[in-house]
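Reading through the structure tokens given below for one structure.
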Amino acid sequence: MSLLVVGLSHRSAPVSVLERASLAAETQAKLLQDALAAEPAAEAAVLATCNRIELYADVDKFHAGVAELSTLLAQHSGVGLDELTPYLYVHYEDRAVHHLFSVACGLDSMVVGEGQILGQIKDALALGQEVHTAGRLLNDLFQQALRVGKRAHSETGIDRAGQSLVTFGLQQLAAGADVADWARGKRALVIGAGSMSSLAAATLARTGVAEIVVANRTRARADRLVEILGQPGGTGVAAHAVEMAAVSDELTRADVVVSCTGATGLVLTAEAVAGALGLACDPAYEAPAASVPAPPADPDRHAAWVENGTAGTVRQAVRRATVPAQGAGPVRLALLDLAMPRDIDGATARLDGVRLVDIESLAEASADAPMAADVDQVRTIVGDEVAAFGAAQRAAHITPTVVALRTMAAGVVAGEIARLDGRLPDLDEKQRAEITQTVRRVVDKLLHAPTVRVKQLASEPGGAGYADALRELFDLDPQTVAAVSRADLNDPNRGRS
């Protein structure tokens, strides 16, 4: 296994960089195809969410792989390599497995323990399968990550430590008040109808808002979300859909706005919000530049930079330097921006009566959120699962060699039986069958102990050389072993989610 992951997340980069580096769906597919076309990569998958972009690959050379994947991320994100490199982190082999399993459990999320990441990992695997860049290693890895994440949520109380970004965002808007009390009777506008917006609408409905208006670029998707909200047995919240062109009018009636679209530009400008509230807006506002230390450019040192907390210090410094203070007066309009890149102009926070919570402020708030004791239990689960996955992969590496050995032995048995037929043509079918079964039994008994033992040895750290030893000792044809590997890899039922 030569698994490599190169990426950036809210832990290593400011949101201003993350939002510029965000990848559209079609860009992700092209990135995977280009990664596979690059020499070091045999498989590839991309995990792109609102707060992380990670490229996973099975590579044959570490340093060439890091250089190639970093270059591809820069090319497809549109952020220059020199600018992007300081924020990239690199994980390799077991450390890469540990990273993905931790991500799947919500340990690396802005809000520790949130479960939405599991759906995003499933989508990443599905994309890799769709464009045929996810092979045996990444199929096994992502499938196992999903199982580890589900295990963490079912066997521990990690859910008590974490929640969705939507729930956490609403808590920040409520500013310490009970969310249900804060939301009761309010009129909410949800902009977007994707998975995050749908989660936001459902969460708002459960908190007790009086009405939900859904606006989306594709009206049919907005209508579908409204239909789901109104299904029998639901919350009974009044909901209806509008065209995106009606957002300005809806702003004048809304108390809460949640926005999460795939737009590349702002959906709500400060001028639009000010106009809806009858306020004056100063469009000349410019945020002061942040003066913070840059992260190390060397990818090998970057993990330590992230782990020792420097990344969080930089992120908070950037936050303080670039985001204006919240407007004065009682809150007339609460804005929750869950999009990456952002949907809502950060300058809206300076308007009187407006409270804005966005990905950056959520990152800062979650850094101070208490973590449940169950997090330690989840970390133990991750450690155990990483060891088990590594052992399974090492054992799987020797399986084609064992199969090739047994295939060769079966061929020897068949040849000897054929030769026996020529020398003893008067054997009847019963005698022939008995001799054949006896010879096969002898061969199976001779091979059983060494093949079982070699699988056990190969599953241990440093056991990769046993496959080579087995091929050398029994003079196995490398092409036969490779053919077994290809047959296993091309199994249409393998690795489907």
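The values are calculated or read from the model by the stated rules, or taken from the named source; none is laboratory data. Here the structure is a predicted model, which means the values were calculated and not measured. Here the Cβ positions follow ideal geometry from the backbone for every residue, glycine too, while neighbour counts run over all protein chains shown. When the accessible area is computed, the model is the full protein with side chains, heavy atoms only, and any ligands, DNA or RNA have been set aside. Shrake-Rupley method; radii C 1.70, N 1.55, O 1.52, S 1.80 Å.
A few remarks follow.
- Rounded to the nearest 20 debye, dipole of region 179-244 from Cβ charges on Lys, Arg, Asp, Glu: 100
- Alpha-carbon centroid distance for the pair region 69-128 / region 177-192, whole angstrom: 32
- Full-extension gain in nm, Gln431 to Ile228, via 0.36 nm per residue minus C-alpha separation: 66.0 nm
- Charge tally around Ala414: other residues with Cβ under 12 Å, Lys/Arg +1 each, Asp/Glu -1 each, net 0.
- Total formal charge among the other residues, if their Cβ is under 13 angstrom from that of Val439, Lys/Arg +1 and Asp/Glu -1: +1
- Simple spin-label estimate for Ser154 and Glu271 in nanometres, 7 Å along Cα-Cβ: 5.4
- Under 10 Å, Cβ to Cβ, from Gly65 - net charge with Lys/Arg +1 and Asp/Glu -1: -3
- Distance in nm between pseudo-label sites at Arg423 and His132 (7 Å out along the Cβ direction from Cα): 5.0
- Given +1 at the Cβ of Lys and Arg, -1 at the Cβ of Asp and Glu and no other charges, the dipole of region 20-99 around its Cα centre is 280 debye to the nearest 20.
- For region 172-179, Karplus couplings with θ = phi - 60° (6.51, -1.76, 1.60), whole Hz, Gly/Pro x: 5, 5, 6, 6, x, 7, 4, 4
- Theoretical FRET efficiency, 1/(1+(r/R0)^6), r = Cβ-Cβ of Val452 and Asp475, R0 25 Å, to 0.05: 0.70
- Within the accessible surface of region 212-273, defined with a 1.4 Å probe on protein heavy atoms only, the carbon and sulfur portion equals 51 percent.
- For region 243-259, putting each phi into the Karplus relation 6.51 cos²θ - 1.76 cosθ + 1.60 with θ = phi - 60° gives couplings of 6, 4, 5, 8, 4, 4, 5, 5, 4, 5, 10, 7, 9, 9, 10, 10, 10 Hz, in residue order, rounded to whole numbers and with x for Gly and Pro.
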